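So the structure is just underneath, and the comments pick up after that.
The values are calculated or read from the model by the stated rules, or taken from the named source; none is laboratory data. On a predicted model such as this, the values are computed, not experimentally measured, just so you know. Here Cβ is always computed from backbone atoms with ideal geometry, including for glycine, and neighbour counts include all displayed protein chains.
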Ligand code: CIR
């Protein structure tokens, strides 16, 4: 169960962030409204939310998930793959005074968006933002914490991060894009596969209590996830999709 989340407001330079989406310029006011609606949806679930102030030095800094991996009661600081995002770690570390043990990765690059936990196992995507060294370093830390890990190479796909195409919903069910559905690391799991045109909805947040956040506007995925017994809450994400961001990247989620 998730009981606490950290978010950061989109900054005035949000539109200067990295993107390959080709969906046009984001509307900052609408992005802020969508961000607030996300935070309110968390609060309605009884989750405590800390919203950090916008920081104009880092246009992508509202995508806090890329800065850390949470494994049980340990936080692992990442090494973001994009040069322009490296400073987000020090910023967040200075602002967060959480009562949490933390570990730092020391080699390679790794974005939190490339890390997907499935029960006591972590899948680590090799991508444009995460290399073998970063993945190996995280795998070693996770091992000391008692978790298994497995690498999933997504470099031949168009996915930015592993979690752009994979979400663990719970009960051994994954939401997975067509391009990853056959990966051996997912063997034995039940799969919900978005149809063509709904791939963006493969990035979802599951809270471990049967509730799942999905982006609004992907009705077939929403119906399929509801069909697996989950309660679905749909959130408007258009202004984050324009910047290659999904639901998971907007929060760092803590819980047991
Ligand atoms: C970036 O390219 O870094 C941001 N514009 C989007 C990051 C999205 N993060 C994520 O999916 N975990």
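Determine if the stretch 151-161 includes at least one residue that is buried (at least 16 other Cβ atoms within 10 Å of the Cβ), more than 24 Å from residue 81 (Cα to Cα) and in contact (Cβ under 8 Å) with a residue 40 or more places away in the chain.
No, the stretch 151-161 has no match at all.
To keep it simple, each residue is scored yes or no on (1) exposed (fewer than 14 other Cβ atoms within 10 Å of the Cβ); (2) without any contact (Cβ under 8 Å) to a residue 12 or more places away in the chain; (3) within 17 Å of the chain's Cα centre (by Cα); (4) within 14 Å of the ligand (Cβ to nearest atom).
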{"site": "29", "(1), (2), (3), (4)": "yes, yes, no, no"}
{"site": "51", "(1), (2), (3), (4)": "no, no, yes, no"}
{"site": "73", "(1), (2), (3), (4)": "yes, no, no, no"}
{"site": "80", "(1), (2), (3), (4)": "no, no, yes, yes"}
{"site": "85", "(1), (2), (3), (4)": "no, no, yes, yes"}
{"site": "90", "(1), (2), (3), (4)": "yes, yes, no, no"}
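I want to confirm something. Restricting to the stretch 106-120 and keeping residues that are over 18 Å from residue 191 (Cα atoms) and more than 16 Å from the ligand (Cβ to nearest atom), which single residue is surrounded by the fewest Cβ atoms within 10 Å (Cβ to Cβ)?
Looking at residues that are over 18 Å from residue 191 (Cα atoms) and more than 16 Å from the ligand (Cβ to nearest atom), I get 106.
Could you list all residues from the stretch 229-252 that are near the ligand (Cβ under 10 Å from one of its atoms) and either at pLDDT below 95 or at positive phi (or both)?
Hit for the stretch 229-252 is 244, nothing else.
With the requirement that a residue be crowded, with 19+ Cβ neighbours inside 10 Å and farther than 17 Å from residue 207 by Cα, what does the stretch 55-71 give you?
Those that are crowded, with 19+ Cβ neighbours inside 10 Å and farther than 17 Å from residue 207 by Cα: 55, 58, 59, 60, 61, 62, 63, 64, 66, 67, 68.
Would you mind finding the one in 160, 180 that is within 13 Å of the ligand (Cβ to nearest atom), modelled with pLDDT of 95 or more and over 23 Å from residue 1 (Cα atoms)?
Exactly one of 160, 180 is within 13 Å of the ligand (Cβ to nearest atom), modelled with pLDDT of 95 or more and over 23 Å from residue 1 (Cα atoms), namely 160.
Exactly one of these conditions fails for residue 15: (1) farther than 26 Å from residue 208 by Cα; (2) more than 14 Å from the ligand (Cβ to nearest atom); (3) in contact (Cβ under 8 Å) with a residue 40 or more places away in the chain; (4) part of a helix (DSSP H, G or I). Give me its number.
(2)
Across the stretch 212-228, what is the number of residues that are surrounded by 19 or more Cβ atoms within 10 Å (Cβ to Cβ) and either farther than 23 Å from residue 69 by Cα or away from the ligand (no atom under 16 Å from the Cβ) (or both)?
Looking only at that region, the number is 6.
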